[in-house]
Amino acid sequence: MTNAPNIDGWTCPLPLRDQPNILIGHGGGGKLSAELIEHLFYPAFANHLLQARGDSAVLALAGERLAFTTDSFVVRPLFFPGGSIGDLAVNGTVNDLAMMGARPLYLSAGFILEEGLPIATLGGVVERMGAAARVAGVQIVAGDTKVVERGHGDGVYINTSGIGVIPPGVQIAPELARPGDMVLASGTLGDHGMAILSVREGLEFETVIQSDCAPLHGLVEALLAAAPGVRVLRDATRGGAAAALNEIARASGIGVVIDERKLPVNPATAAACELLGMDPLHVANEGKLVAFVPPDQAEAALAALRAHELGAQAAIIGTVVEAHPGVLVGRTGIGGSRVIDTQVGEQLPRIC
Amino acid sequence: MKYLSEFRDEALAARLFDEIAAITTRPWAIMEVCGGQTHSIIRNGVDQLLPPEIELIHGPGCPVCVTPLETIDRALAIAARPDVIFCSFGDMLRVPGSGQDLFGVRSAGGDVRIVYSPLDAVKLARENPASEVVFFAIGFETTAPANAMAVLQAGREGLANFSILASHVLVPPAMEAILQAPGNRVQAFLAAGHVCSVMGTWQYGPLAGRYHTPVVVTGFEPLDVLEGIRMAVAQLETGRAEVENAYARAVSFEGNRSAQAVLDQVFEVCDRKWRGIGEIPSSGWRLRERYRAFDAAERFDVAGIVTTESALCRSGDVLRGHLKPNQCPAFGKECTPRRPLGATMVSSEGACAAYFQYRRVESQEAIYRRDAESDERT
């Protein structure tokens, strides 16, 4: 962009001009992130492929439909229980492709390294990437490395882009949810975020919480075989399942009602969330998806998810309604109900 | 998480709702004192299922919300100093001062860190001898013991680079101020369970007697809150005004004696201003003279703080129970969690944030009714 954006013209009722600098929350997957996308990136890059708002763009090329996506990874620490930045860099992009129903094929990898990073550390990261790529059945076919001065990075930043092929007949997009659809979660919610938080902040719980980092395209393939009518898929990464469900509710112009009693949550994750005053619905996952499925295929979809090792704890968590379009409502454990909104930025641990 | 799920049991909740409905013969206004209770009530929809005669008034027990603007501005000024590592609990970071919040200070280069315990800040002081480490010590009686411990620990280690910016507030004087206020509508209190786990229930006897107002010490899970409401209504209906304990699994009559001893060693009672409410006599704690060296307010001469509150924000009326959050003209319009005008819109324990988070779209009853109808259709 040659010119600074004219922020006075922004349409958002809560424009960014309140805050002249980038906040950490702009990367949190919540409303601040959405504002950047809506008011900075979409206007600057305006095209219908980007603005389809899928986890990947869908490109029609040479008779094939290709899914194309990119993601950057800045996690600290680089290694954590259940994974590493290398695993995330492969699986995160693989999953964005899988959420369009695509079979992931090729990845690129860009590294931004900080001066002074031990080569052994980088070696560990790259080894994990290679292993993750083999597990996911993708090849890393292009790459780039840049080094920044000490103090200008946090060890390793990785960007990956990926391409996959969408099989004929598969039609998945965020705006396709319809009233009556059932909402499924592929497994326990909030594990990745709490795993990272507990190692980052040195919080010790009786059970070590493991990240759920995993490639989901195999699970998606099994799901689509059993329930070919699947309408929407989204991996519940930053902002958690709540952000994913809210995005779909808005994109499809429908309401979503979930039953909080049916949400699968690991006991250790639930306990850590309780302790810190956080809600697993808003905590990041790296190996979980939500699926919107026509009602007559919901049981088959659930069975297919549960039969797969990455979906053993899958559950039907809610339904799509015509009422309250764009809004996610939770039925609470005691029979009340509440609106479940996207977080503004990061979820903040509570004081007491 | 078995130890909590039994306090969220739907069948037991239904039984308590029935019992409350059965003993209620006329309107009663009950204040839940603590923001944690407000959050639980709104998050779980407790108030939607109560008999219409029972009104819950949301009390001032959110420490983030009542921390005075001057203190926030002072924190922002200290945090912006290049020699300072400023440590705070997470939910203070988004509380607006007159100009910005701690996130803003951080994005402008200030070293602002979220910690989970004041002892983490002591550790940072130990590891960073060249920096001044300041901990933002706010909160009620619940958080104060750990903050007192941090001061004692820093004293033992001789950490001259550690200090706290203390703005502790005390619950019983605030409850008394509410009862004394003209136009008070509160007829019974659900006292803050975790405050009482530290301080005991003995503090409330005189209050209940003098103002003939039932005080039921209450926990935070839906069933805890319902049991507290049931006991309060039972007292109101029979004309009693006693201190009762609905949170006996955490609270005793005498409280935590060793915590009280540490508090008494480090802090002394002082008058304190509450944001949105004003000054309440003997409602705060400050560091005693011999620990004054750890007082960040004295260590850092931050002059020229001029505070400006939003003219639209009516959080004072909300905190006093005169206004429900969604009755404020600015609610959800000029004032949202993204751009809060007052602290009650920030913390998850703040009444305005709880209403915005869970209630803003339309009346919850309407949503519930329509969902039930669409359930019937399918």
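Odds and ends about this structure:
- Being assigned by TED's automatic domain parsing to the domain that holds B:Ser117 and closer than 29 Å to B:Leu102 by Cβ is a condition met by no residue of the range B:180-190.
- Among (1) open to solvent by 20 Å² or more (accessible area, probe 1.4 Å); (2) assigned by TED's automatic domain parsing to the domain that holds B:Ile42; (3) touching a Pro at 6+ places or on another chain (Cβ under 9 Å), the one test that B:Thr307 misses: (2)
- Meets criteria (open to solvent by less than 20 Å² (accessible area, probe 1.4 Å), closer than 27 Å to A:Val199 by Cβ and modelled with pLDDT of 95 or more) for A:Leu107: yes
- Residues in the range A:156-181 that are closer than 30 Å to A:Glu299 by Cα and either touching a Ser or Thr at 6+ places or on another chain (Cβ under 8 Å) or open to solvent by 70 Å² or more (accessible area, probe 1.4 Å) (or both): A:Gly164, A:Pro168, A:Gly169, A:Gln171, A:Pro174, A:Glu175, A:Leu176, A:Ala177, A:Arg178, A:Pro179, A:Gly180, A:Asp181.
- Condition met for A:Thr188 (surrounded by fewer than 22 Cβ atoms within 10 Å (Cβ to Cβ), in contact with a helix residue (DSSP H, G or I) (Cβ under 8 Å, 6 or more places away or on another chain), of a type in the set (S, T, N, Q) and within 14 Å of another protein chain (Cβ to nearest Cβ)): no
- Test for A:Gly153: is it open to solvent by 10 Å² or more (accessible area, probe 1.4 Å), small (Gly, Ala, Ser) and touching a residue at least 60 places away in the same chain (Cβ under 8 Å): no
- Residue in the range A:11-22 that is open to solvent by 70 Å² or more (accessible area, probe 1.4 Å) and modelled with pLDDT of 80 or more present: yes
- Residues satisfying the stated conditions in the range B:141-162, i.e. within 14 Å of chain A (Cβ to nearest Cβ) and either more than 28 Å from B:Gly200 (Cα to Cα) or of a type in the set (A, V, I, L, M, F, W, C) (or both): B:Ala144, B:Ala146
- Failed condition for A:Asn246, given (1) within 14 Å of chain B (Cβ to nearest Cβ); (2) assigned to a helix (DSSP H, G or I); (3) over 17 Å from A:Ser211 (Cβ atoms); (4) more than 13 Å from the chain's Cα centre (by Cα): (4)
- Residues of the range A:242-285 classified as of a type outside the set (Asp, Glu), under 17 Å from A:Gly187 (Cβ atoms) and touching a strand residue (DSSP E or B) at 6+ places or on another chain (Cβ under 6 Å), total: 6
- Criterion applied to A:Gly164, A:Gly153, A:Gly124 was being closer than 30 Å to A:Val232 by Cα and not aromatic (Phe, Trp, Tyr), and the one residue passing it is A:Gly164.
- Taking strands (runs of 3 or more DSSP E) as the structural unit, those lying wholly within the range A:127-219 and holding at least 1 residues that are among the β-branched types (Val, Ile, Thr) and over 21 Å from the mean Cα position of the chain (by Cα) correspond to A:139-148.
- Long-range neighbours under 7 Å by Cβ, at least six apart or interchain, first residue touching a residue at least 60 places away in the same chain (Cβ under 8 Å) within the range A:265-291, second of a type in the set (Phe, Trp, Tyr) and assigned to a loop (DSSP other than H, G, I, E, B): A:Ala268/A:Phe205; A:Ala271/A:Phe205; A:Ala272/A:Phe205
- Residue that is nearest to the other protein chains (Cβ to nearest Cβ) [pool: residues in the range A:38-76 that are within 16 Å of the chain's Cα centre (by Cα) and open to solvent by 70 Å² or more (accessible area, probe 1.4 Å)]: A:Val74
- Test set (1) farther than 13 Å from B:Ala232 by Cβ; (2) of a type in the set (A, V, I, L, M); (3) within 13 Å of chain A (Cβ to nearest Cβ) - B:Ala77 fails condition number: (3)
- Sub-7 Å Cβ pairs linking a first residue in the range A:158-180 that is within 14 Å of another protein chain (Cβ to nearest Cβ) to a second residue that is open to solvent by 20 Å² or more (accessible area, probe 1.4 Å) and among the hydroxyl-bearing types (Ser, Thr, Tyr), at least 6 apart or interchain, are A:Gly180/B:Thr378, ordered by first then second residue.
- Within the range A:284-317, being open to solvent by 10 Å² or more (accessible area, probe 1.4 Å) and within 14 Å of another protein chain (Cβ to nearest Cβ) holds for A:Pro294, A:Pro295, A:Asp296, A:Ile316.
- Residues located in the range B:313-330, provided they are open to solvent by 10 Å² or more (accessible area, probe 1.4 Å) and within 14 Å of another protein chain (Cβ to nearest Cβ): B:Asn326
- Qualifying residue in the range A:210-227 (condition: within 14 Å of chain B (Cβ to nearest Cβ), surrounded by fewer than 22 Cβ atoms within 10 Å (Cβ to Cβ) and small (Gly, Ala, Ser)): no
- Single residue of A:Val293, A:Val327 found to be over 30 Å from A:Asn91 (Cβ atoms) and either at pLDDT 90 or above or in the same structural domain as A:Met194 (by TED's automatic domain parsing) (or both): A:Val327
- Filter result (more than 11 Å from every other protein chain (Cβ to nearest Cβ) and open to solvent by less than 20 Å² (accessible area, probe 1.4 Å)) within the range A:259-280: A:Pro264
- Extreme residue, farthest from the other protein chains (Cβ to nearest Cβ), among residues of the range B:100-140 that are assigned to a strand (DSSP E or B), open to solvent by 10 Å² or more (accessible area, probe 1.4 Å) and at pLDDT 95 or above: B:Glu132
- When restricted to residues that are under 18 Å from B:Trp285 (Cα atoms) and more than 21 Å from the chain's Cα centre (by Cα), the range B:151-197 contains 3.
- Tabulated pairs, the range A:61-77, first basic (Lys, Arg), second surrounded by 12 or more Cβ atoms within 10 Å (Cβ to Cβ) and outside any strand (DSSP E or B), C-beta under 7 angstrom, 6+ apart or interchain: A:Arg76/A:Asp154; A:Arg76/A:Arg200
- Exclusive hit being buried (at least 24 other Cβ atoms within 10 Å of the Cβ), under 30 Å from B:Val115 (Cβ atoms) and in contact with a strand residue (DSSP E or B) (Cβ under 6 Å, 6 or more places away or on another chain), set B:Gly35, B:Gly90: B:Gly35
- Pairs are defined by a Cβ separation below 9 Å, a sequence spacing of at least 6 or placement on different chains, a first member in the range A:318-337 that is at the interface with chain B (Cβ under 7 Å from one of its Cβ atoms) and within 14 Å of B:Arg43 (Cβ to Cβ), and a second member that is basic (Lys, Arg) and in a strand (DSSP E or B); the pairs so defined are A:Val329/A:Arg338; A:Thr332/A:Arg338; A:Ser337/A:Arg331.
- The residues in the range B:336-378 that are modelled with pLDDT under 75, open to solvent by less than 30 Å² (accessible area, probe 1.4 Å) and more than 9 Å from chain A (Cβ to nearest Cβ) can be counted, and the count is 0.
The values are calculated or read from the model by the stated rules, or taken from the named source; none is laboratory data. Bear in mind that the values here come from a model prediction, so they are computed numbers and not experimental data. Cβ sites come from the backbone with ideal geometry, for glycine too, and all protein chains shown count toward neighbours. In case anyone asks, the SASA skips ligands and DNA or RNA and just uses the protein heavy atoms, side chains included. Shrake-Rupley method; radii C 1.70, N 1.55, O 1.52, S 1.80 Å.
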